[in-house]
Amino acid sequence: MKITKENKEKKNVTLTENSVEKNALLPKGEFLKKFKINLRLFESTKIKWIKLQEIHKDYIDSQSLLEGIARDVASKFLTNDAKEAGVHSVRYRLKKPDSLIEKIIRKTLDRIKRGKKKAITAANYTEEINDLIGIRILHVFKDDWFSIHNYILNQCQYQTKEKPVAYYRKGDQKDFIDECKKNGCEAKVHPKAYRSIHYIINPHPKKNIAYVEIQVRTVFEDGWSEIDHKLRYVSKKGTKHVLDSYLLALNRIAGSADEIGSIIKNRQTELRQEESEKELFSKKRKQ
């Protein structure tokens, strides 16, 4: 992390394969077992475990800095302007250190499959991993996303690393997907049926400290995703489980709830307009 170079020199500690310092990375065998990573697959990456220990330690040493960035970005969505744009609530999190190492291993395996050889190191992991800091923005009505999208890009003036990605479930309404594309998003079917708009921003482009992933979704979709994340059952044999069908049904209900919410909102607007027209007509008759 470029901004913490001086701090890293002050806190320099010699790491070993059997390091037992506080908050140290688990020994390789325990870690691979915990995250269900095949030893042969890991060895195919040619990553030295001590290099992952260095990343792990650097990331832990940088927690206070990243926490400050997360709070600063989240605060931008707690203003009156943000509420007027449709923001209902905001929360943030920092990626867990062990989850960072798991992601680096899996990302490296994916790169090998695609013929890319660039290694992820303590010097570049903040540029290679986009979600060290995660901000989740929730809104009530599905269409509120458009004004939140403009708020992120125009009022906050955040620079995006790449096109925002609109994840959707196969079979979702085409109109909304088309609108996302018109607003500069890349639309992708999510393999687990998540619906969410993701932005990768650089809040401090001059310092280039770390990227932040902003996820924008409805309260209904967030409720489903939380249940799915906590309860999804994965068979040891890799086959589908009966619980998957219930989770898929709940996903469809969440999608339907969003659609019904939009219908109610639009109908309410129409009714108010009709009432205003009736009142105006009544006043004219009295005159």
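The values are calculated or read from the model by the stated rules, or taken from the named source; none is laboratory data. What you see is a predicted model; the values in this text were computed from it and never measured. Cβ coordinates were reconstructed from backbone atoms using ideal geometry, including for glycine residues, and neighbour counts include every protein chain displayed.
Condition (residue is touching a Ser or Thr at 6+ places or on another chain (Cβ under 7 Å) and at pLDDT 90 or above) applied to region 170-191: is it met by at least one residue? No: region 170-191 contains no residue that is touching a Ser or Thr at 6+ places or on another chain (Cβ under 7 Å) and at pLDDT 90 or above. For region 162-210, filtered to residues that are touching a Lys or Arg at 6+ places or on another chain (Cβ under 9 Å) and polar (S, T, N, Q), the residue that is nearest to SER225 (Cα to Cα) is SER196.
Screening ILE209, ILE253, ILE197, ILE260 for residues that are hydrophobic (A, V, I, L, M, F, W, C), assigned to a loop (DSSP other than H, G, I, E, B) and at pLDDT 80 or above leaves exactly one candidate, ILE209. A count restricted to region 156-169 and to residues that are at pLDDT below 90 and surrounded by 13 or more Cβ atoms within 10 Å (Cβ to Cβ) stands at 1.
Are any residues in region 24-49 exposed (fewer than 13 other Cβ atoms within 10 Å of the Cβ) and either over 25 Å from the mean Cα position of the chain (by Cα) or in a helix (DSSP H, G or I) (or both), and if so, which ones? Of everything in region 24-49, those that are exposed (fewer than 13 other Cβ atoms within 10 Å of the Cβ) and either over 25 Å from the mean Cα position of the chain (by Cα) or in a helix (DSSP H, G or I) (or both) turn out to be GLY29, GLU30, LYS33, LYS34, ASN38, LEU39, ARG40, GLU43, SER44, LYS46, LYS48. Quick check, is ILE135 of a type outside the set (S, T, N, Q) and either modelled with pLDDT of 95 or more or touching a strand residue (DSSP E or B) at 6+ places or on another chain (Cβ under 6 Å) (or both)? Yes; evaluated as a whole, the condition is true for this residue. When ILE152, ILE101, ILE177, ILE135 are screened for being surrounded by 14 or more Cβ atoms within 10 Å (Cβ to Cβ) and closer than 30 Å to LYS46 by Cα, only ILE101 passes. Evaluate region 189-201: report whether one residue or more is under 17 Å from ALA70 (Cα atoms) and among the polar types (S, T, N, Q). No, because not a single residue in region 189-201 is under 17 Å from ALA70 (Cα atoms) and among the polar types (S, T, N, Q).
Filter region 253-281 down to residues that are among the charged types (D, E, K, R) and free of Cβ contacts under 8 Å to residues at least 12 places away in the same chain and give me whichever is farthest from ARG169 (Cα to Cα). Across region 253-281, the extreme among qualifying residues is GLU279. Annotation: of all residues in region 54-105 being of a type in the set (Lys, Arg) and not in a helix (DSSP H, G or I), the one that is farthest from the chain's Cα centre (by Cα) is LYS76.
Of all the residues in region 63-93, those that are crowded, with 18+ Cβ neighbours inside 10 Å and not aromatic (Phe, Trp, Tyr) number 10.
Looking only at residues in region 130-164 that are without any contact (Cβ under 8 Å) to a residue 40 or more places away in the chain and touching a helix residue (DSSP H, G or I) at 6+ places or on another chain (Cβ under 9 Å), the one that is farthest from LYS95 (Cα to Cα) is PHE146.
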